[in-house]
1. Which value, in debye to the nearest 20, describes the size of the charge dipole of the chain about its Cα centre when Lys and Arg Cβ atoms bear +1, Asp and Glu Cβ atoms bear -1, and nothing else is charged?
2. Fewest to most neighbouring Cβ within 10 Å: what's the order for Ser9, Ser14?
3. Note down the nm distance, to one decimal, between modelled labels 7 Å out along Cα→Cβ at Gln56 and at Asp312.
4. Starting from the amide H of Tyr148, placed 1.01 Å from N in the peptide plane, find each other amide H under 5 Å away whose residue is 5 or more places distant or on another chain.
5. What spacing in nm lies between the two simple spin-label points modelled at Glu2 and Asn287, each 7 Å away from Cα in the Cβ direction?
6. Could you pull out the longest piece of the chain with no exposed loop GluC sites (Glu not before Pro) in it, calling a site exposed if DSSP puts it outside H, G, I, E, B and it has at most 16 other Cβ atoms within 10 Å?
7. Given points 7 Å out from each Cα along the Cα-Cβ axis, report the Phe301 to Glu27 separation in nanometres with one decimal.
8. Putting +1 on Lys and Arg Cβ atoms and -1 on Asp and Glu Cβ atoms, find which of Ala315, Val262, Gln166 reaches farthest to the positive end of the dipole of the chain.
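Just so you know, all these numbers are worked out from the coordinates, no wet-lab data involved. No experiment lies behind these values; they were computed from the predicted model shown. Reconstructed Cβ throughout: ideal geometry from the backbone, glycine too, with neighbour counts over all protein chains shown.
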Amino acid sequence: MERRPLGRSGIEVSSIGLGTMTWTTDEAGLEDAAAQLQTFVESGGTLVDTADVFGQGASEAAIGQLIGKVVARSEIHIATKAGVRTDGSDRKRDTSRGWLMRCLEHSLRRLGTDYIDLWLLHVYDPDTPIEETMGTLDAAVASGKVRYAGVSNHTGWQTARAMAWQQAWPGRTPIVASEVEYSLLQRGIEREVLPACLAMELGVLAWSPLGRGVLTGKYRYGRPSESRAASAQWARFAATYLDERSAGIVEAVATAADGLGVSPLEVALAWVRDQPGVASAIVGARNATQLRASLAAEQLFLPPEIRLALDDVSAPAVGYPESY
């Protein structure tokens with residue numbers, strides 16, 4: 001699998017990353033996670049993405065149990081996130097020093113490691129001064145517990161502000177990556193976030209590059225009983241893109257796939273993977289078989305005419321001031 005620089009950092013990550021949002025630590029879940037991780041690493045994958053709130057920490061704990069058994073710690077780059085509270089507090093976003101350092105210690109313990117390759121602010125917190133949040137990233141990197149820092153789900157101006165703040169004084173840890181949702185069904189980052197990342201040389205990590213599963217084409221003729229849209233837990237997650245506009249884009253992807261003799265999944269994933277600025281497209285899977293289908297996209301490079309056609313059919317609405 002291709003390796004790409006993560007922004008202006010000193011590491012390279014696999015062009016396809018492994019998402020672990022649904023991983024659990026029960027016996028069946030852990031067995032499935034082990035099969036996915038082994039398949040991923042054997043295919044040349046290195047970037048494993050998680051967050052402290054995924055499964056209330058179960059995702060991180062599953063990764064921790066597999067390190068040393070399925071894969072050596074040195075073979076993967078772990079990206080995790082902090083800043084979201086699910087402890088019943090009225091405050092849902094918290095990037096204060098106290099909360100972040102607490103989250104970091106808990107993540108390290110669950111992951112069973114003494115360092116995190118990429119630590120991301122999961123959300124923007126308007127209630128914490130930027131100097132406090134950024135100072136916490138500096139302290140985490142200086143301690144050796146974090147190698148690199150980044151942001152996630154930040155707008156263009158929030159991303160630029162964090163980056164500029166860190167560049168304003170020598171010795172501050174740079175922001176090297178931005179993790180955001182990006183797919184043919186969700187191209188909103190192209191208005192301001194992506195231009196900011198390109199201008200400041202941040203590596204873009206694209207989550208849900210398959211449009212929350214919709215771009216695989218599985219919902220073209222209904223909602224399969226085993227799909228997320230049919231699940232009480234994940235129905236709202238997938239339903240975001242079960243609308244008329246999305247259906248038209250899915251049909252365009254399916255048409256392109258038929259012409260190329262590949263699956264819609266491969267077309268959708270290859271489109272995101274090769275967009276300017278994207279360091280890695282992060283895919284999740286129910287099992288190793290489904291993951292292999294995503295990894296097959298590594299062999300596909302879309303012809304320019306097909307890429308342009310998909311660009312046209314999925315173009316986001318852009319107006320003032322972006323188009324001024």
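1. Rounded to the nearest 20 debye, it is 360 debye.
2. Details: Ser9 22, Ser14 25.
Placing the least packed residue first, the sequence is Ser9, Ser14.
3. Label-label distance for Gln56 and Asp312, simple model: 5.1 nm.
4. Here Leu118, Trp119 satisfy the definition.
5. 3.1 nm
6. 3-200
7. Each label point lies 7 Å from its Cα, and together they span 4.8 nm.
8. Among Ala315, Val262, Gln166, the one farthest towards the positive end of the dipole of the chain is Gln166.
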